[in-house]
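The values are calculated or read from the model by the stated rules, or taken from the named source; none is laboratory data. Remember, predicted model here, so these are calculated numbers, not experimental data. So basically every Cβ, Gly included, is an ideal-geometry build from the backbone, and we count neighbours across all protein chains shown. These accessible areas exclude ligands, DNA and RNA; they are computed on the full protein's heavy atoms, side chains included. Shrake-Rupley method; radii C 1.70, N 1.55, O 1.52, S 1.80 Å.
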Amino acid sequence: MSGTFVGMPAFPKAAHEAVGNTTLRANLRHATHTIRDKRAKAVAELDDWALLREAGKQIKDHTLRHLDTYLVQLEEAVTAAGGTVHWAADADEANRIVTRLVKETGESEVVKVKSMATQEIGLNEALEAAGIAAYETDLAELIVQLGHDRPSHILVPAIHRNRGEIRDIFTKEMGAWGRPAPEGLTDTPAELAEAARLHLREKFLRAKVGISGANFMVAETGTLVVVESEGNGRMCLTLPETLISVVGIEKIVPTWRDLEVFLQTLPRSSTAERMNPYTSMWTGTTDTETADGPRVFHLVLIDNGRTDTLADEVGRQALRCIRCSACLNVCPVYERAGGHAYGSVYPGPIGAILSPQLRGTASEIDASLPYASSLCGACYEVCPVAIDIPEVLVHLRERVVQGGEVTRRGAKVTLKPARGHAGERAAMRAARWAFTHPAALATGQRLAARTRRFHPRTLPGPGRAWSATRDLPQVPAESFRDWWQRTHGSKETGK
């Protein structure tokens, strides 16, 4: 993935700093509680929600099992419709392709639809290095870009900002990027939205090149789909002469009938709407100057760790994700730590399982992400494609602690256990030995019970990391095994 977040500390340190920011916590608490309450009401309207959820899961699993077939079908359909398909193995290759395509147009600026794939590969930074200005047009992404910030939420990238902060960013930064903010701008939503609209309108009318991602790609027709709430995406998709779409290979669905399921579950899970205000679909190019849509269309399909993730029978379910962000809005860890602590464009529970698979667990931040969860299971309950995030988190924790065989760039490699987990591995080995030797376990339990008055309140050595934030459970005076033998043993043995 992109090097944008290189240098981020491990999640525990980043989260510790974030929870001390009272403004951040208030912003997150208000926003996440509001969104998840609305989502619950929208979902409750559908009697067949559980069936839709299962259908989405089955469609995604089927597609992933036959991904090679559907990607070839997609390429053929896009090409037949007048588009050009490019394949990118990693972020660097994708950035080179897009940069070359923009330069070939002779333009030095582009307008962008909100796209996590382009954030993942660090496209804006790559274009800037090549002398090309990339302007975000989604309101929240605009706020993040003008504020020289990073997104902290999948659906609402500027969720960590309040209205006063947004007003200050617009007043200070808009002039350097284009049309300045109006004089006397207040923090009322209507005025902020109008300031953004005026600022962006001149860019829409001037830009010759648009860059987008896609929520879905339909293999049978070569159609790409973007759902949004503001209309900025539609401006980027219809006005520029050249459109370049950068999309992860897992965003494909086989047929239009499959798309129907996700157009019901995605808006309810993300914006708590029955349907998105804007659902834009395009197939290939237009051949007339008066018609809407691009006259030149390029589709850049990126792997960037996805086929490696696909090779993991447990972890591959993360590729079902439709980027609704429902898991973030119910996560107690995300609500308190915020998105920046995850060190990735994919924050929250889905980021904790997706980023370590796409990037590997070699870095400190990626090795810590599987632990950024209480394993409460709320994320699984709300996921519209039934990703068992707690299961994958535990699976990745085992990988971090134990190492083992994984797939990297299509080849099998053996990971070494991460540093700092020697004590945990030793404890697990001791527990495994004790549980397979009942007599030793019973002796240990009796010894612990008889010495419980002398037990410390915190664990020594590596165990201190666990007991520093938890109460150490008190050992009972009698083990369950001994209690059962004392109260029921004579009845069972007949003595």
query: Can you find a residue in the range 50-58 that is modelled with pLDDT of 95 or more and either of a type in the set (Val, Ile, Thr) or open to solvent by less than 30 Å² (accessible area, probe 1.4 Å) (or both)?
result: yes
- prompt: So, in the range 108-137, of the ones that are open to solvent by less than 30 Å² (accessible area, probe 1.4 Å) and part of a loop (DSSP other than H, G, I, E, B), which residue ends up nearest to Asn95 (Cα to Cα)?
  reply: Gly122
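Condition check ((1) within 24 Å of Ile350 (Cβ to Cβ); (2) of a type in the set (D, E, K, R)) across all residues:
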{"site": "Val227", "(1), (2)": "yes, no"}
{"site": "Pro240", "(1), (2)": "no, no"}
{"site": "Leu259", "(1), (2)": "yes, no"}
{"site": "Leu301", "(1), (2)": "yes, no"}
{"site": "Arg316", "(1), (2)": "yes, yes"}
{"site": "Arg320", "(1), (2)": "yes, yes"}
task: Inspect the range 165-175 for any residue being surrounded by 15 or more Cβ atoms within 10 Å (Cβ to Cβ), within 20 Å of the chain's Cα centre (by Cα) and at pLDDT 95 or above and give the result as yes or no.
output: no
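Go through Pro384, Pro349, Pro332 for me and flag whichever is open to solvent by 20 Å² or more (accessible area, probe 1.4 Å) and modelled with pLDDT of 95 or more. Step through it out loud before you land on a result.
Numbers: Pro384 fails: open to solvent by 20 Å² or more (accessible area, probe 1.4 Å); Pro349 fails: open to solvent by 20 Å² or more (accessible area, probe 1.4 Å).
Testing whether each residue is open to solvent by 20 Å² or more (accessible area, probe 1.4 Å) and modelled with pLDDT of 95 or more leaves just Pro332.
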- line: Note: among Ala434, Ala439, Ala427, just one is more than 31 Å from the chain's Cα centre (by Cα), surrounded by 12 or more Cβ atoms within 10 Å (Cβ to Cβ) and modelled with pLDDT of 85 or more, namely Ala434
task: Starting from residues that are buried (at least 18 other Cβ atoms within 10 Å of the Cβ), closer than 23 Å to Asn329 by Cα and among the hydrophobic types (A, V, I, L, M, F, W, C), keep the ones in the range 387-401 and report whichever is farthest from the chain's Cα centre (by Cα).
output: Leu396
task: Being open to solvent by 70 Å² or more (accessible area, probe 1.4 Å) and not hydrophobic (A, V, I, L, M, F, W, C) is the filter; apply it to the range 362-373 and report the residue that is nearest to Gly420 (Cα to Cα).
output: Glu364
task: For Pro240, work out the one condition from (1) crowded, with 21+ Cβ neighbours inside 10 Å; (2) part of a loop (DSSP other than H, G, I, E, B); (3) touching a Ser or Thr at 6+ places or on another chain (Cβ under 9 Å) it doesn't fulfil.
output: (3)
message: For the range 73-107, which positions are among the acidic types (Asp, Glu), open to solvent by 60 Å² or more (accessible area, probe 1.4 Å) and closer than 22 Å to Ala126 by Cα?
response: Asp92, Glu104, Glu107
